[in-house]
Amino acid sequence: MGDIKTTEQDSNYNHLEKMSLSELLTNINNEDKTVAFAVERAIPQIKSLIENIIEKLNNGGRLFYIGAGTSGRLGILDASECPPTFGVPHELVNGLIAGGDEAIRKAVEFAEDSEVQGWKDLLEYNISSSDIVVGIAASGTTPYVISAIEMCNKNNITTGGITCNKNAPLGQTAVFPIEIVVGPEFVTGSSRMKAGTAQKMVLNIISTATMIKLGKIKGNKMVDMQLSNHKLVNRGINMLCEELSIKTSEANMLLEKYGSVRKAIENYK
């Protein structure tokens, strides 16, 4: 690693238990402020990965995130938000976590240490060269993730990786690595903090930019969102009122008739 500080190295702070509450909040926030700049430095890497994701999805492929612990949960979160936000099938973006669904809520001991389970989990989805797999690991050393990415490479499946350490095994294994170097955490080794924030920001960028380029946004509006609650129905009505210059009552009727903002716009006469 050379002189580059990693997420596992000693914090830039010490004697945290002696800080006042105000000092703790200020110092945590000061560390968090650096994360966006770390993401900014990785934009060229992010762009390369997204270009390949768009190509795969445009040609009928799927996107898979695979991770352990916080990283796995963040991948699942991003994947689960794509259908309601962009109206895409649930099968298009998938999140896998070491230890399975149980690990979403509770840590599964040693699940991330398996060197075979990641690939087995992907095989359950009939993974193929049409798809693209993005490994997520803050340290970049998680066996569950790295071994899965290695097997994907061997099977001609395009791979990406999101890590918060420079030159980590995941970054060296993934064909399209993203390295967000956030440095030591406020609490030494607690990568759910800056590293987790960085990963969430990158995942937001990946899914949002990809869906925009796939045509799932009109102007700046989520015209393909699923109308799954009253808030989203009202948002859809407001979109139609603004887009078509019509009254709320007419917008409501259009939405009830067509079931989607996009279809209502396309069929309005």
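Laboratory data are not the source of any read-out in this text; all were calculated from the coordinates shown. As the structure is a computational prediction, the values presented were derived from the model and not from experiment. Cβ: placed from backbone, ideal geometry, glycine included. Neighbour counts: every protein chain shown.
Quick notes on this structure:
- Overall form of segment 127-269 per C-alpha gyration tensor (a/c, 1.5; a/b vs b/c): prolate
- When you work out D = kT/(6 pi eta Rh) for segment 94-150 at 20 °C and 1.002 mPa s, using the Kirkwood radius from C-alpha pairs as Rh and the Stokes-Einstein form, the result is 183 µm²/s.
- The chain - percent relative contact order, Cα under 8 Å, separation 6 or more: 23 percent
- As a calculated quantity, the FRET efficiency between residue 115 and residue 17 at R0 = 45 Å, using C-beta atoms, amounts to about 0.75.
- With Cα atoms, 0 to 90° folded angle of helix 143-154 axis to the chain main axis: 70 degrees
- Charge context of residue 122, other residues only, Cβ under 15 angstrom, K/R +1, D/E -1: -2
- For residue 157, the shell of other residues with beta-carbons less than 15 Å away shows a net charge of -1, using +1 for Lys and Arg and -1 for Asp and Glu.
- Degrees between helix 194-213 axis and first principal axis of the chain (Cα, 0 to 90, nearest 10): 30 degrees
- Applying 0.36 nm per residue to the separation of residue 212 and residue 232 and subtracting their alpha-carbon distance, the gain on full extension is 5.3 nm.
- Interchain or long-range residues, amide H under 5 Å from residue 94's placed H: 63, 64, 65
- Segment 16-213 - charge dipole about Cα centre, Lys and Arg +1 at Cβ, Asp and Glu -1, debye rounded to 20: 380 debye
- Members of 106/218; 106/221; 200/247; 218/269 lying beyond 29 Å, as alpha-carbon distances in this model show: 106/218; 106/221; 200/247
- Each peptide in 248-255, 17-24 receives the mean, over its residues, of other Cβ atoms within 10 Å, and ordering these scores from highest gives 248-255, 17-24.
- HN-Hα J in Hz across segment 92-97 - Karplus 6.51, -1.76, 1.60, θ = phi - 60°, x for Gly and Pro: 6, 10, 10, x, 10, 10
- Label-to-label distance, nm, for residues given as residue 34 and residue 257 (7 Å Cα→Cβ offset): 5.8 nm
- Within the same chain, lysines fewer than 8 places from residue 154 are excluded, and of the rest, those with a Cα less than 23 Å from its Cα are 56, 120.
- Computed from phi, the 3J(HN,Hα) profile of segment 6-20 under the Karplus parametrisation 6.51, -1.76, 1.60 (θ = phi - 60°) reads 9, 5, 8, 6, 3, 4, 6, 10, 9, 6, 4, 5, 8, 6, 6 Hz, with x in place of Gly and Pro.
- The Rg/Rh ratio of segment 138-206, with both radii computed over alpha carbons and Rh defined as the Kirkwood radius, is 0.99.
- Rounded tilt (10° steps) of 230-244 against the dominant C-alpha axis of the chain: 60 degrees
- Computed E for residue 166/residue 90 - FRET, C-beta separation, R0 51 angstrom, nearest 0.05: 0.90
- Here's the picture: a label point sits 7 Å out from the Cα of residue 55 along the beta-carbon direction, and within segment 142-156 the residues with their amide nitrogen under 20 Å of it are 149-156.
- Pairs of alpha carbons in segment 1-68 whose separation is greater than 16 Å (percent): 70 percent
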